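Visitor: Structure incoming, see below.
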Amino acid sequence: MQDESGLAGILLPPHAAAKAGNDVIYAWLARYQQAAAEGKDVVNGTIGALLDDEGELVFNPAVAEAITRLPDLDKGAYSPLPGLPAYRDTARTLAIGPRLDEMEAAGFSTEAVASPGGCGALYLSARNMLSPGDSILVRSTYWGPYRTIADECGLGLTDWPLVADSNELGHSVDKVALSSRLDNLVTSQGRVLAWLNDPAHNPTGMSLNSAERNDVMNCFLEAARANPEAGFTLLLDTAYALYADEPHGWTDTVIPHIENWPDNLILCWAFSTSKSHTIYGLRCGAIVFAHPDRGLLDRMVPMFVHTGRGTWSGSPRLPQAAVAMIHNDSGLETMWDATRAGQSQVLEIRREGLLKAASEVHFDPSNDGYFAHVPDPDPVSLCEEIAKHGVYLVPLAKGVRIGVCSLPTHAAERVGRAISEAWSTLDRRS
Ligand SMILES: Cc1ncc(COP(=O)(O)O)c(C=O)c1O
């Protein structure tokens, strides 16, 4: 019999054999669970889902109610391939926000195609807005699966800094670096696809303010105008937006530019209901896209549907129907929004407690959403030192991720103190 690696070498082609799972989050969760089972007084900041102060998963009751009201058809049947029409409208409305009509009146047409989560929308853009061998433009700290999605599509990643070096007056966009990356991509591949996870970036919790959004927007507008033969796609990954202070800030930023919009720039949103509706496992999202030319959008719908058909077939119908029902029923929508708003407040209180108790620690900008992040050259050592205080966090590639979403509120300050003490013990101040 062949040894395992020999057999893998025979059965698995090299591109597949090179793939690996990412179990660092589960490994640190398991350590927390083990310590808790031993009766130790420990805190769990490892999970990337909203937990209440007792550590139970928050499930929005409006979603539970909508699911029980659904007819069997919506529970068992296939979805139309582009998604249920009512859900596609809801996705556009929730991604773009209350100024959707204004955006359309200013000259944009908008469309949506359902996808299994925001991840599916990212995949649809990767498969269709670039050619294999190209690279996607991301920021220098990014959600790990960006790399996995790019790999699966035969694409690379190229990055620009999350925060500019000279962080003057809270202005953190490195416009020079961004414009230079855009120019390089135009030269090397003739098309640009940028994924921008804003607001409430994972893993930092950073949200661009209105001046910063405008800086980013202007870099794209200028690059598109200067290179009319190149195609630009700016995709906003808004997975956490409905827990941010300005959930639809990008709509405010874009509207004044529509009148003078370059044809070779398309705006997309990777819309996700995983967090906003607490239905992570139901796999419900959409790619939403906007451009002045209706004909272009009509051409893109079957293109995205084709990729979906050849990858996951159709998106699940049940969550689409439930989400559409909630947003077409004022009672259910009010119930949904009360939980969403309440949880946003909980996140804010936890973040405040955490940051206040660790005021001398250097965090990445931390404004909204599920996470906070301490950049560090040796995140595993820092996590180990923090764990000595009974606090379990996650060492990522460039720092330590704190799951503000999973910390009990009463433990937020304790977590801040543990980070602060670990930081001093390891002499990170210098
Ligand atoms: C930054 C970011 N983008 C997109 C997603 C997509 O989530 P889903 O596919 O569950 O909608 C996530 C989920 O964790 C995320 O953190």
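The values are calculated or read from the model by the stated rules, or taken from the named source; none is laboratory data. Please read all numbers here as calculations on a predicted model, not as lab measurements. Neighbour counts are summed over all protein chains in view; Cβ atoms, including those assigned to glycine, are modelled from backbone coordinates with ideal geometry.
Visitor: For the stretch 155-168, state whether one or more residues are within 16 Å of the ligand (Cβ to nearest atom) and under 30 Å from Gly310 (Cα atoms).
Guide: Yes, some residue in the stretch 155-168 is within 16 Å of the ligand (Cβ to nearest atom) and under 30 Å from Gly310 (Cα atoms).
Visitor: Quick check on the stretch 269-284. Is at least one of its residues of a type outside the set (Lys, Arg) and either away from the ligand (no atom under 16 Å from the Cβ) or closer than 22 Å to Gln189 by Cβ (or both)?
Guide: Scanning the stretch 269-284 turns up at least one residue that is of a type outside the set (Lys, Arg) and either away from the ligand (no atom under 16 Å from the Cβ) or closer than 22 Å to Gln189 by Cβ (or both).
Visitor: Please go through the stretch 240-251 and give me each residue that is of a type outside the set (A, V, I, L, M, F, W, C), within 16 Å of the ligand (Cβ to nearest atom) and not in a helix (DSSP H, G or I), ordered by number.
Guide: Tyr240, Pro247
Visitor: Pairs, please: C-beta under 9 Å, at least 6 apart or cross-chain, first residue not assigned by TED's automatic domain parsing to the domain that holds Pro228 and in the stretch 170-194, second crowded, with 19+ Cβ neighbours inside 10 Å and of a type in the set (Val, Ile, Thr)?
Guide: That search, which allows pairs on different chains as well, returns nothing.
For every residue, the table says whether it meets (1) touching an Asp or Glu at 6+ places or on another chain (Cβ under 8 Å); (2) modelled with pLDDT of 95 or more.
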position: Arg350; (1), (2): no, yes
position: Lys356; (1), (2): yes, yes
position: Ser366; (1), (2): no, yes
position: Phe371; (1), (2): no, yes
position: Leu393; (1), (2): no, yes
position: Ala397; (1), (2): no, no
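Visitor: Answer yes or no: is there a residue in the stretch 313-328 that is of a type in the set (A, V, I, L, M), under 26 Å from Asp368 (Cα atoms) and free of Cβ contacts under 8 Å to residues at least 40 places away in the same chain.
Guide: No, the stretch 313-328 has no match at all.
Visitor: Turning to a different aspect of this structure: Would you tally the residues in the stretch 252-273 being outside any strand (DSSP E or B) and touching an Asp or Glu at 6+ places or on another chain (Cβ under 8 Å)?
Guide: 4
Visitor: If I go through the stretch 98-124 residue by residue, how many of them are away from the ligand (no atom under 16 Å from the Cβ), on the phi < 0 side of the Ramachandran plot and in a loop (DSSP other than H, G, I, E, B)?
Guide: Our first condition is that a residue be away from the ligand (no atom under 16 Å from the Cβ); within the stretch 98-124, this holds for 98-111.
If we keep only those that are on the phi < 0 side of the Ramachandran plot as well, we get 98-106, 108-111.
Adding the requirement that they be in a loop (DSSP other than H, G, I, E, B) leaves 98-99, 106, 108.
Residues flagged as away from the ligand (no atom under 16 Å from the Cβ), on the phi < 0 side of the Ramachandran plot and in a loop (DSSP other than H, G, I, E, B) within the stretch 98-124 amount to 4.
Visitor: On the given criteria, is Glu385 over 26 Å from the mean Cα position of the chain (by Cα) and assigned to a loop (DSSP other than H, G, I, E, B)?
Guide: Judged against the criteria, Glu385 is not a match.
Visitor: All but one of (1) more than 21 Å from the chain's Cα centre (by Cα); (2) touching a residue at least 60 places away in the same chain (Cβ under 8 Å); (3) more than 26 Å from Asp198 (Cβ to Cβ) hold for Gly310; state the number of the condition that does not hold.
Guide: (2)
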